[in-house]
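*Asks:* The structure is given below, and queries will be raised subsequently.
The values are calculated or read from the model by the stated rules, or taken from the named source; none is laboratory data. Owing to the predicted nature of the structure, the values given are computational and were not obtained by experimental measurement. Don't worry about glycine lacking a Cβ; one is built from the backbone with ideal geometry, like all the others, and counts go over all protein chains shown.
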Amino acid sequence: MNETIDINSKLLWERARNIYLSTLQSEEDKSQVERYLSMITAVTRSGSKFVILTSNSYAADFLKMQYAGKLKSCLDLAGGEPDLEIEFKFDESSKPAIVMPEVPKYGLPQSERMSTFSSTMPLNEDYTFEEFVRGPSNSWALAAAQGVVANPGKSGYNPLFIHGGTGLGKTHLMQAIGNELRRRNPHLAICYLTAETFLNEYVNALKNGQAESFRNRYRTIDLLMVDDVQFLQKGKQFQEEFFNTFNALQQAHKQIVMTSDVAPKNLPLIEERLISRFEGGMVQEIESPNYETRLAILKKKSEGMNPSIPDNALEYIADTIKSHVRAMEGALRKVSIFRTMDPTTRLTNEILSRLLNDFIEKEKSFKKLTIEEIQRTVAKKYSIEVDQILSVERTQSLVTPRQLAMYIARKFTTKGLPEIADQFKKKHSTVIHGVKSIEKRLDVEEELKMNLEEILSELGCKFSDKI
Ligand code: ADP
Ligand code: MG
């Protein structure tokens, strides 16, 4: 690489990035965007071009497609010249090596970047065991995670498979294992990534004729953490590769940790032999926290907030927001901002209910929607019968409404997968597949998106209510 890193680009980039992140409303969006932006290894200027270098060519294409427009507006807002053009490029100098980056490594001198293992994603330093609140809903999963830390690679705990609904602390717990093992031994080769990234890395390695080095790289890892394995896709070749990597690591007594929103046996699109491997160690579920745990989590998260948040406000949040921890955190942040702006007003229930109205409405809409109602509304929109949604007939004119109804049930209610599957008279894996298929299509099919919006409005909710 002959361009040099100039400090102004780095500052400009940091400001643009912060501006972008501050425009995102939900924590989920934020952490997703942060994850994608962490694929950026460096930024630099080349004439009127602002060059963004990424850890692989897939990332360059992806970021360009998804984020080019938004990043350009943020660069403008951050003080970049209006005619600045953005270019995304694979940073060929960021050779893989088995070392965890402490932070996303953009803007570092090349010598430092050489040690970045391109496949790994950064660990969140706040996701530690100390910050994780124990309660009846997660105590088994927590004990298993601590077991892994005490004896990484030991057979009863290898692999550790944690499953449970969104926002219940799976990623936190998994990364706590990584953070703690790294604290104990900074030389451990630790790799954390989502199943989606894992797959993309593989596809990319194949494309560039680097399958062999991909293979070798993963087989020298001490701790492999794969998040959200429900997103592993069908693809014989990749599953074969994953299977072999899995076996090699296990035989060498290296630790593997995985998370998913469903138990291994309900994973869609995954081969039987992989599933039985996943089940071969320890499988633990995290459930929704009860009131006491919710309150304890809020107390923990509000420690050190200045001005402090009074107990009655924490109790109010714990009492009204039950669906997931991430929403509770959002509500807490809102109260904290209010306190900062107005530290003297007493936070009565009336003020809190007004302040947290959005969150409370969202909770209500979760509770309100029944699966039957969703099926009825979707059937009406597509002029079919509810029975046809429940049938096994696979013509496209039925598959779309069926999958759309599954998608709404999954994303706009807090109903668990078993209940949804039951009410659709389908297997769990069919529901997951359906939801995923709609998610993909929504990105590209305007008409489907419009239909969804109409159905949602009929049901009294909006797209932004999605969990
Ligand atoms: P998941 O991966 O299950 O979707 P996350 O691990 O991302 O959920 O958790 C969402 C948020 O909730 C994180 O900020 C996490 O710190 C917090 N959280 C969840 N459970 C707990 C807990 N038991 N103690 C402390 N924080 C928690
Ligand atoms: Mg997660």
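*Asks:* With the requirement that a residue be among the β-branched types (V, I, T), part of a helix (DSSP H, G or I) and either modelled with pLDDT of 80 or more or within 20 Å of V226 (Cα to Cα) (or both), what does the range 14-63 give you?
*Replies:* Taking the range 14-63 first, the residues among the β-branched types (V, I, T) are 19, 23, 33, 40-41, 43-44, 51-52, 54.
Of the ones still in play, those that are also part of a helix (DSSP H, G or I) are 19, 23, 33.
Of everything in the range 14-63, just one residue is among the β-branched types (V, I, T), part of a helix (DSSP H, G or I) and either modelled with pLDDT of 80 or more or within 20 Å of V226 (Cα to Cα) (or both), namely V33.
*Asks:* Confirm whether L181 is free of Cβ contacts under 8 Å to residues at least 40 places away in the same chain and more than 17 Å from the chain's Cα centre (by Cα). Give the derivation first.
*Replies:* On the way: free of Cβ contacts under 8 Å to residues at least 40 places away in the same chain: no; more than 17 Å from the chain's Cα centre (by Cα): yes.
So L181 does not fit the description; no.
*Asks:* Is there any pair linking a residue in the range 194-220 that is surrounded by 21 or more Cβ atoms within 10 Å (Cβ to Cβ) to one that is of a type in the set (F, W, Y) and not in a helix (DSSP H, G or I), with Cβ under 9 Å and at least six apart or on different chains, and which?
*Replies:* R217/F117
*Asks:* Hey, another quick one. With respect to Y20, is the statement that it is among the hydroxyl-bearing types (S, T, Y) and in contact with a Lys or Arg (Cβ under 7 Å, 6 or more places away or on another chain) true?
*Replies:* Numbers: among the hydroxyl-bearing types (S, T, Y): yes; in contact with a Lys or Arg (Cβ under 7 Å, 6 or more places away or on another chain): yes.
Yes.
*Asks:* Kindly establish whether T245 is touching a helix residue (DSSP H, G or I) at 6+ places or on another chain (Cβ under 7 Å), more than 25 Å from S31 (Cα to Cα), away from ligand 2 (no atom under 16 Å from the Cβ) and polar (S, T, N, Q). Can you show your working first?
*Replies:* Values: touching a helix residue (DSSP H, G or I) at 6+ places or on another chain (Cβ under 7 Å): yes; more than 25 Å from S31 (Cα to Cα): yes; away from ligand 2 (no atom under 16 Å from the Cβ): yes; polar (S, T, N, Q): yes.
Yes; evaluated as a whole, the condition is true for this residue.
*Asks:* Now for a separate question. Which one is surrounded by the fewest Cβ atoms within 10 Å (Cβ to Cβ), of the residues in the range 135-176 that are among the polar types (S, T, N, Q) and near ligand 1 (Cβ under 9 Å from one of its atoms)? Show your work before the answer.
*Replies:* Our first condition is that a residue be among the polar types (S, T, N, Q); within the range 135-176, this holds for 137-139, 146, 151, 155, 158, 166, 171, 175.
Now drop any that are not near ligand 1 (Cβ under 9 Å from one of its atoms), which leaves 137-138, 166, 171, 175.
Working: S137: 19, N138: 26, T166: 17, T171: 21, Q175: 24.
That would be T166.
*Asks:* Related question: Condition first: among the charged types (D, E, K, R) and either touching a Gly at 6+ places or on another chain (Cβ under 8 Å) or within 16 Å of ligand 2 (Cβ to nearest atom) (or both). Can you find one or more residues in the range 229-236 that meet it?
*Replies:* Restricting attention to the range 229-236, the residues satisfying the condition of being among the charged types (D, E, K, R) are 234, 236.
This time we only want the ones that are either touching a Gly at 6+ places or on another chain (Cβ under 8 Å) or within 16 Å of ligand 2 (Cβ to nearest atom) (or both), so: none.
Within the range 229-236, none of the residues are among the charged types (D, E, K, R) and either touching a Gly at 6+ places or on another chain (Cβ under 8 Å) or within 16 Å of ligand 2 (Cβ to nearest atom) (or both).
*Asks:* Are there any pairs, at least 6 apart or on different chains, whose C-beta atoms fall under 8 Å, with the first in the range 279-295 and closer than 12 Å to V325 by Cβ and in contact (Cβ under 8 Å) with a residue 60 or more places away in the chain and the second of a type in the set (V, I, T) and in a helix (DSSP H, G or I), and if so, which?
*Replies:* Here the result reads P289/I297; P289/V325, each pair linking the range 279-295 to a residue that is of a type in the set (V, I, T) and in a helix (DSSP H, G or I).
*Asks:* Restricting to the range 399-420, what's the tally of residues that are crowded, with 19+ Cβ neighbours inside 10 Å and without any contact (Cβ under 8 Å) to a residue 24 or more places away in the chain?
*Replies:* The number of residues fulfilling the criteria is 1.
*Asks:* Here's another thing I want to ask about it. Within the range 246-274, how many residues are surrounded by 22 or more Cβ atoms within 10 Å (Cβ to Cβ), aliphatic (A, V, I, L, M) and closer than 24 Å to T220 by Cα?
*Replies:* 4
*Asks:* Now a separate question. How do the helices (runs of 4 or more DSSP H) wholly within the range 307-374 filter down when requiring 3 or more residues that are basic (K, R), within 16 Å of ligand 1 (Cβ to nearest atom) and closer than 19 Å to I297 by Cα: which remain?
*Replies:* Values: elements: 311-320, 325-341, 349-355, 357-368.
Ranges flagged: 325-341.
*Asks:* Of the residues L173, L199, only one is among the aliphatic types (A, V, I, L, M) and under 22 Å from L269 (Cβ atoms); which?
*Replies:* Details: L173 fails: under 22 Å from L269 (Cβ atoms).
On inspection, the qualifying residue turns out to be L199.
*Asks:* From the list G178, G167, G153, which one is within 14 Å of ligand 2 (Cβ to nearest atom) and on the phi > 0 side of the Ramachandran plot? Don't jump to the end; show me each part of the working.
*Replies:* Values: G178 fails: on the phi > 0 side of the Ramachandran plot; G153 fails: within 14 Å of ligand 2 (Cβ to nearest atom).
None of the other options fit; the residue is G167.
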